[in-house]
Structures are given as structure tokens and as C-alpha cells.
Amino acid sequence: MERAVHAAGLTKRFGDFTAVDGIDLAVESGESFAMLGPNGAGKSSTMRMISTVSPATSGELRVLGKVPDTDGPAIRSRMGVVAQEDNLDDALTVRENIMIYGRYFGLSWSDARRKALELLDFAQLTDRADAQVNSLSGGMKRRLSIARALVNDPDLVLLDEPTTGLDPQARHLLWERLYQLKERGVTLLLTTHYMDEAEQLSDRLVVMDNARIVAEGSPSTLIAEHVSKEVLEVRYPADATVDLESLGHRIEPLADRTLVYTDSGEATLAELVNSGRTPSSSLVRRAGLEDVFLALTGRRLVE
Amino acid sequence: MTATTMAPGFRVLINFWEHQFIRFRKTFRSTITAGLVGPLMYLLGIGIGLGSQVDAGAADLGTDSYVDFVGPGLMAASAMQLAASESLWQTAGLLRWRGVYVSVAHSPLAIGQLFVGHVFWIGFRVVVSTTMYLLILALFGIVGSPLALLSPLVAALTGMAFAAPISAYTGWAISRGPGDQSFPMILRLGIIPLFLFSGAFYPIDQLPAALEWLARVLPVWHGVELVRGMVLGQDLDLGSAAGHLAVLVGYIAAGLAIGRHTFTKVLGT
């Protein structure tokens, strides 16, 4: 089976500004792939090139086995795009948004109608089918834009920051729907600056920073490669001077607390207490992608 | 022809118009009302009211009465006004604030096709509104030729001669980011003066030489002359009719050539 996305040395410049700086990507068919990074890392520019609307400045790009510059319409006919803004048509009802979009992909009116019913059910919007788009909540609008992107039964779905701006409940409902898609074998490519989202939804991911890819792998291998198993977070009063240097594998001082990367958070905490360096508060947790990003770039993902 | 036998490129263009038509249908009632009331007001207020003073002065208009002169002229000039307003705020909304065209650009429709579809759609809007204008003209007994039935199509060309370049401009303005304040200026310093100097209200040879020259260079006067000739059944000579048409088509072609690039700047970068 052809690779969903293949990029080599992919570059996008806007004048003097380099948004994407020679990245290599390989998204296999059927996998769920995330691009994780802070705002401005180049994720959205990469997505726009893959979605075929934005031409690459240089480098090689193939999407669903075809070249965007020459086969844009053919690629788009097999792809679903969920942009950062919902871009729903506010002159149309919820149902019409799906049906009329389906027509662009060659669906007959009766197929478009049937498909809309099916997708409204998938997006849990059946009871809002004839509502005006503007009456929907943020989470509903996002689910509708995902439903609309699925109207052509795409082989590849692009999701740019799918849960940004949604409340926790709406995020979890969306994740659950996306997980269902993944189970059906749809290739998902998403960008996010939430590490929990990347951990939840992706089989593999790349970490992007400053227009480049800085790491690649599955969430668990990235954590294993770049950080320890556990993290001990400790806080001391602002005026205290405590030497933590020799603790664990590595320490990361932040503004309000210090992270200690260690194989056992409890053991390291006991070591602190036993040596008279008891912190005013402490927390032991599993290391995550946020820690990977911090280790790779020295900065936090979400400030 | 069915969807399967049509070239996919043309099929999606049809789907684009279908989409626009369904959006348009939602406001059909108010469109019809405004489309009939507007011309009625102009014809009563200016054609009959102002005309009562003009006819007394026996101006050299080449028509039986002032309302005969001004009615068809206003029909063509209204095409310009509708096209201009559709090409400014409406188009900006579709491109950016509402993002309708952003989604359409993710369908198999190409951006160049989208721009062509957009301009021809405004042409269709002009056909609908000027057909209503023509109905009102017929009500006033102004229609003097079966050729009048084709005049909404010429009015559509007049509208598109503005829609293509102005929509192209809107794409460029939007691509430079938010904060563009030029639209009200274009309307007040461009379209409204053009409406007054279009030859709809009086022959353009009454204008100072510089303004007359400007009126001849810009498309609206050409539309006014053609529509007036067709509605009244005046003896338009083929040479000047072809000249008028060529100017309109020229503006449309130039606008289409530029607009595909400016729309790409917004939707495809």
C-alpha cells in the first residue's frame, strides 16, 4: 500500500522567513501520526502543504502517492481537511453543510443525504441536523467540521489543532470520535501543542521546534530515549537555597519548581528527606512528552 | 449530461454554483422585494419626478422622454453597484471572516476555477436583479424591443466587468492581512461617482472632457449604452455595439487573469 505522506527536505519560506526548514516525514497508511510542537513551530505550514493548497518552496512531497503541484484535485478528492478555524457555512444548516460539501466530491443528492445522516450520527449531532450553524457550541462546531471532512470517505484526514479552544469534556468526546476513526483504519495526521493529545491519539509522532523536526518515534520510545521513567517535582520556599545537582539523571529548574528526572521518584524524594532537604511540596509522576520537549529544547511546550 | 460523463473539473464548478444558489435561495424573498422596490423608487423619483423638469427643457437625449432615457441606463448602472458590493464585503467574508471559500479550496475545485465560478455567480446575481428591473421598466411602458429580453445578459457582463477586477482586488487586500480600510473609499470615491458619471442620468458628452474620457475608458458607460439600446430598440450600429462588448469582455478577462493569483495568495499560501 502506498505511503500516506512522504516528504523529503520539505521547505516553506515566506520572503525571508523560513516556516518549515527541510523536514523529512513518512506517514504510513493506516497509522495515526502527530506533529507536536509549540505555536510557530511550522506545524500548520506543513499541514497546508500536505493539504495541497500551499505549494512547497522546495523539497519533495507526495501525498497518497501523488504530487500536490500537479495532482491537487485528485489528492483532495481522497482527503479530509479539518482546519484550525471551523470555516463552516453559516448560511446553511448543520445537515446542509455536510450534504453540499459532499456534492463537491461527486456524491449524488441521495448519497449526500444518506452520508449526512450517517455522519451526523457519528458526530452526535443528529438532533441538531436542521439547526443553524451559529447556534452550535464550539465543540459541536468542531465535530461538524470533522463530520464534513469525512463526507468523501477519505483515506487520509488532516486535523490542525483539533481540540484547541475546547473545554475538557468536549475534548474527550472529540478524542473518542477520532479514536473510532483510527480503529476503522483511516490514516490520521494531526498537529497539536498538547502532549496528552499526542499521547492519546498517535501511534507515532514528530516533535517540531523552530521549523525543524527535533525528534521522531512513538510516544513511549521518545520518553524512554530522552527522559527517565519518572519525574519528581519539588518546590521550596522562594528564599531557600537547596543543592539538588547530584540528584537523579538530570534536573530541570523551572520558575516555580524544579523537575528531577529519576527512575524512582519515591526513592529520590526519600533521599531528599533523609538528607534534610525536605521540599515544601512534592509530586511524583510518570514522565511525558512535555518532558521530552523540555529535554530537547530547554523550553516548555505550553507557556 | 450526468455527473459521471462530465469532466470532473467542470462538474465541481457546477457544484460550486449549486452551493451558491442554495445560499442565495435563503434570502430569495428579500432579494425579490428589494429587487422590485429599488427600481420602482428610482423610476418614480428620478425618471418621473426629475423627468418632469427635464422634459420641459427639451433636452437632446434621443428618447421620447427622460424616463425612457434614465430607466434602462439605471438598470445597467445598478448592475455595477450590485457587482461592486458583492465583490467587496461579501467576497471578503467568503474568503476570510466566514471562511466558506477556505473549505471549498479543500474540495477538488481548484482555486483558479473557484475565482471563475465566483465571478460568473455574481453575473448570475445581476441577471436576477436586472430581470426584475426590466419588469418594472415594462410596467412603465419603457420596453420597446424584443431585444430587451437579452439585456439582463449584457447587464451581467457589465456587472462582471466590475466583479472580476474588484474581487481580484479584494483577494489582494485580504492577503495583506486584517486592517484593510479601503472598501468604503472604493465605494465612495469609485463606484458612487461612476454611477453619477455613467451616462445613465445624462449623455456623457455633457461632462467635462477629462471626465468624459474617463467614462469611455471604464466599463459602466459601455454597459449603459448597450442596455439602453437593447431595451428601447434604438438603432445601435453593430460596430459600436461590438466595441462596447469588447470593452466589457476585456475587463472581465483582465480581472479573471489577476483574480486567480490574488485568490491564491489568500487561499493557497
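Some observations on this one:
- Condition met for A:Gly40 (open to solvent by 50 Å² or more (accessible area, probe 1.4 Å), at positive phi and assigned to a strand (DSSP E or B)): no
- The residues of the stretch A:98-142 that are among the aromatic types (Phe, Trp, Tyr) and surrounded by 21 or more Cβ atoms within 10 Å (Cβ to Cβ), listed by number, are A:Tyr101, A:Tyr104, A:Phe105.
- Search result, residues across the stretch A:226-254 that are of a type in the set (Val, Ile, Thr), part of a loop (DSSP other than H, G, I, E, B) and either more than 27 Å from the chain's Cα centre (by Cα) or surrounded by fewer than 18 Cβ atoms within 10 Å (Cβ to Cβ) (or both): A:Thr241, A:Val242
- For the stretch A:167-178, the criterion of being closer than 23 Å to A:Met49 by Cα and away from chain B (no Cβ under 14 Å) is satisfied by at least one residue.
This table checks each residue for (1) among the aliphatic types (A, V, I, L, M); (2) out of contact with any strand residue (DSSP E or B) (no Cβ under 9 Å at 6 or more places or on another chain); (3) surrounded by fewer than 20 Cβ atoms within 10 Å (Cβ to Cβ).
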position: B:Gly38; (1), (2), (3): no, yes, yes
position: B:Tyr66; (1), (2), (3): no, yes, no
position: B:Ala76; (1), (2), (3): yes, yes, no
position: B:Trp89; (1), (2), (3): no, yes, yes
position: B:Gly93; (1), (2), (3): no, yes, yes
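- For A:Glu216, the requirement of being modelled with pLDDT of 90 or more, assigned to a strand (DSSP E or B) and of a type outside the set (Val, Ile, Thr) is met.
- Test: residue in the stretch A:94-110 that is in contact with a Gly (Cβ under 9 Å, 6 or more places away or on another chain), closer than 20 Å to A:Val157 by Cβ and of a type outside the set (Val, Ile, Thr): no
- Condition check for A:Arg95: charged (D, E, K, R) and over 24 Å from A:Thr191 (Cβ atoms): yes
- When A:Asp86, A:Asp121, A:Asp130, A:Asp111 are checked against the criterion of being farther than 24 Å from B:Leu13 by Cβ, within 14 Å of another protein chain (Cβ to nearest Cβ) and free of Cβ contacts under 8 Å to residues at least 40 places away in the same chain, A:Asp130 stands alone in meeting it.
- Some residue of the stretch B:53-60 being over 30 Å from A:Leu156 (Cβ atoms), in contact with a Ser or Thr (Cβ under 8 Å, 6 or more places away or on another chain), away from chain A (no Cβ under 14 Å) and open to solvent by less than 10 Å² (accessible area, probe 1.4 Å): no
Residues are listed down the side, and each one gets a yes or a no for (1) free of Cβ contacts under 8 Å to residues at least 24 places away in the same chain; (2) more than 20 Å from the chain's Cα centre (by Cα); (3) more than 14 Å from chain B (Cβ to nearest Cβ); (4) open to solvent by 50 Å² or more (accessible area, probe 1.4 Å):
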residue: A:Val5; (1), (2), (3), (4): no, no, yes, no
residue: A:Gly15; (1), (2), (3), (4): yes, yes, no, yes
residue: A:Val20; (1), (2), (3), (4): no, no, no, no
residue: A:Glu31; (1), (2), (3), (4): no, no, yes, no
residue: A:Ala34; (1), (2), (3), (4): no, no, yes, no
residue: A:Ser45; (1), (2), (3), (4): no, no, no, no
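- Residues in the stretch B:195-216 that are more than 15 Å from B:Val70 (Cα to Cα) and either open to solvent by less than 70 Å² (accessible area, probe 1.4 Å) or of a type in the set (Asp, Glu) (or both): 5 in all.
- In the stretch A:152-200, the residues that are part of a loop (DSSP other than H, G, I, E, B) and open to solvent by less than 50 Å² (accessible area, probe 1.4 Å): A:Asn152, A:Pro154, A:Glu161, A:Pro162, A:Thr163, A:Leu166, A:Gly185, A:Val186, A:His193
- Number of the exception - A:Pro55 against (1) surrounded by fewer than 18 Cβ atoms within 10 Å (Cβ to Cβ); (2) away from every other protein chain (no Cβ under 11 Å): (2)
- Per-region count, the stretch B:91-123, residues of a type in the set (Lys, Arg) and either more than 14 Å from every other protein chain (Cβ to nearest Cβ) or part of a helix (DSSP H, G or I) (or both): 1
- For the stretch A:273-291, a residue qualifies if it is open to solvent by less than 40 Å² (accessible area, probe 1.4 Å) and modelled with pLDDT of 90 or more, and exactly one does: A:Pro279.
- Taken over the stretch B:217-269, the criterion of being closer than 19 Å to B:Ile122 by Cα, open to solvent by less than 40 Å² (accessible area, probe 1.4 Å) and within 14 Å of chain A (Cβ to nearest Cβ) is satisfied by B:Phe263 alone.
- From A:Arg62, A:Arg76, A:Arg95, residue being open to solvent by 10 Å² or more (accessible area, probe 1.4 Å), within 25 Å of A:Tyr179 (Cα to Cα), at pLDDT 95 or above and away from chain B (no Cβ under 11 Å): A:Arg95
- Residue within the stretch B:73-90 that is within 14 Å of another protein chain (Cβ to nearest Cβ) and more than 10 Å from the chain's Cα centre (by Cα) present: yes
- Looking across B:Ile22, B:Ile14, one residue alone is open to solvent by less than 40 Å² (accessible area, probe 1.4 Å), without any contact (Cβ under 8 Å) to a residue 60 or more places away in the chain and within 10 Å of chain A (Cβ to nearest Cβ). It is B:Ile22.
- Cβ separations smaller than 6 Å between residues 6+ apart or across chains give the following pairs from the stretch B:35-54 residues that are under 15 Å from B:Tyr202 (Cα atoms) to residues that are open to solvent by 40 Å² or more (accessible area, probe 1.4 Å): B:Leu43/B:Phe140.
- Search result, residues across the stretch A:255-282 that are outside any loop (DSSP other than H, G, I, E, B) and either under 22 Å from A:Leu222 (Cα atoms) or in contact (Cβ under 8 Å) with a residue 60 or more places away in the chain (or both): A:Thr258, A:Leu259, A:Val260, A:Tyr261, A:Thr262, A:Gly265
- Residues of the stretch A:89-115 satisfying the condition of being touching a His at 6+ places or on another chain (Cβ under 9 Å) and not β-branched (Val, Ile, Thr): A:Asp89, A:Leu92, A:Tyr101, A:Arg103, A:Tyr104
The values are calculated or read from the model by the stated rules, or taken from the named source; none is laboratory data. All values reported here derive from a predicted model rather than from experimental measurement. Glycine gets a Cβ as well: all are built from the backbone with ideal geometry, and neighbour counts include every protein chain shown. Note: accessible area is taken over every heavy atom of the protein model, side chains too, but ligands, DNA and RNA are not part of it. Shrake-Rupley method; radii C 1.70, N 1.55, O 1.52, S 1.80 Å.
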